[in-house]
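To start, the structure itself, in structure tokens.
Here, each number is a calculation from the coordinates, and none is a lab measurement. What you see is a predicted model, and the numbers here were worked out from it, not measured in a lab. A quick note on method: Cβ atoms are made from the backbone with ideal geometry, for glycine too, and the neighbour counts reach across all protein chains shown.
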Amino acid sequence: MKRDTQIKGPASLQIQSVLFNNTQAHVDQALHSLARAVELGIGSGVLSEVKLVFGDCSPEPVFTDGHMTERIQQFKPQGIRRIDYEFFNKNLGSAAAHNRLLQKLCTDLVLILNPDTLVAPNLFLELIKPMQKIGTGIVEARQIPIEHPKNYDPITGETGWAATACALISSAAAREVGGFDAESFFLYCDDVDFSWRVRLAGYKVVFQPSAVVFHDKRLSTAGKWQVGKAEEYYSAEAALFLAHKYSRNRLVKRIESQLLAKGSALEKKAARAFQKRRLEKKLPPQIDPTHTVSQFIKGFYAPHRF
């Protein structure tokens with residue numbers, strides 16, 4: 001079933017980012033690129049009203065009210081009419097923090113954006129194109145210099161899930177699925193689960209390679225992905241929660257035994273945390289029993305192109 005979320009004229013937009021120990025200079029870099037993209041989006045008639053919302057999970061506030069006032073005055077001429085800032089006084093994690101920001105969503109579209117990004121000037125001109133077709137729920141931008149390797153249809157752009165480092169989402173779709181699953185996912189795979197639930201609700205998830213965002217990710221001198229402690233722990237935990245939630249019981253057992261037998265100390269800790277949740281009967285309800293949207297392929301959540 002195709003959902004009628006087609007954007008037929010200039011769209012109102014909420015852009016939201018979650019901060020954690022970012023510097024003001026770091027965020028300002030992103031703001032400058034965003035403001036230019038918003039200016040072109042409004043000037044080209046694809047955007048109407050645009051507001052920006054920050055949620056801050058840092059130990060100390062990155063901004064004050066005065067800092068925000070300065071930035072509103074600076075970027076208002078380019079079309080960012082409002083900038084809201086909320087200091088959470090707690091590290092809520094990605095999913096819960098974005099859900100807090102989604103509570104006041106009143107625009108046609110919402111852009112989930114990492115603060116360590118620089119967007120291309122024509123970002124919104126390109127991201128909006130799939131939204132002008134019936135049934136699109138999420139449109140993901142192409143990340144550079146390290147592009148995500150998951151597969152997508154070269155004609156339609158349809159893909160299994162969207163990374164929310166930079167993803168444009170139909171507000172109707174976000175409301176229908178209830179936002180992110182913050183009970184199960186703290187930092188990683190919340191976007192995989194969100195995308196799969198959006199697809200289960202009847203929407204399409206589209207990758208748009210012509211919409212480009214620079215995401216500050218780097219490889220080691222050996223050309224390998226650099227994994228921090230948070231990613232090591234929460235990726236392992238998320239793998240178990242995803243497999244359970246999407247009705248892959250045998251896979252849960254396999255991942256669990258592998259982590260406990262051969263995993264790092266942090267991965268073993270994640271497996272034990274999952275076991276504790278299971279004993280306490282706090283695991284999420286299982287969905288997608290016929291495996292309509294969920295994919296588990298060699299440790300990944302979609303076929304990879306490279």
Sites residue 230 and residue 156 - FRET efficiency at Förster radius 30 Å, r taken between beta-carbons, to 0.05: 0.30
Theoretical gain in end-to-end length, residue 272 to residue 26 [0.36 nm per residue, Cα-Cα removed]: 84.9 nm
Approximate shape of region 47-118 as ellipsoid semi-axes (Cα gyration tensor, √5λ), whole Å, largest first: 20, 17, 10
The chain - mean residue ellipticity at 222 nm from DSSP helices (-39,500 (n - 2.57) per run, n ≥ 4, rounded to 500): -11500 deg cm²/dmol
In degrees, nearest ten, helix 249-262 long axis to first principal axis of the chain (Cα): 80 degrees
By average C-beta atoms within 10 angstrom, highest first, the peptides 279-290, 202-213: 202-213, 279-290
Whole-angstrom gap from region 117-191 to region 57-86, using each part's C-alpha centre: 25 Å
Alpha-carbon gyration tensor eigenvalues x 5, square-rooted, for region 47-203, Å: 26, 19, 15
Region 206-306, Cα convex hull volume normalised per residue, Å³: 152 Å³
Region 109-164 shape via C-alpha gyration tensor axes, a/c threshold 1.5: oblate
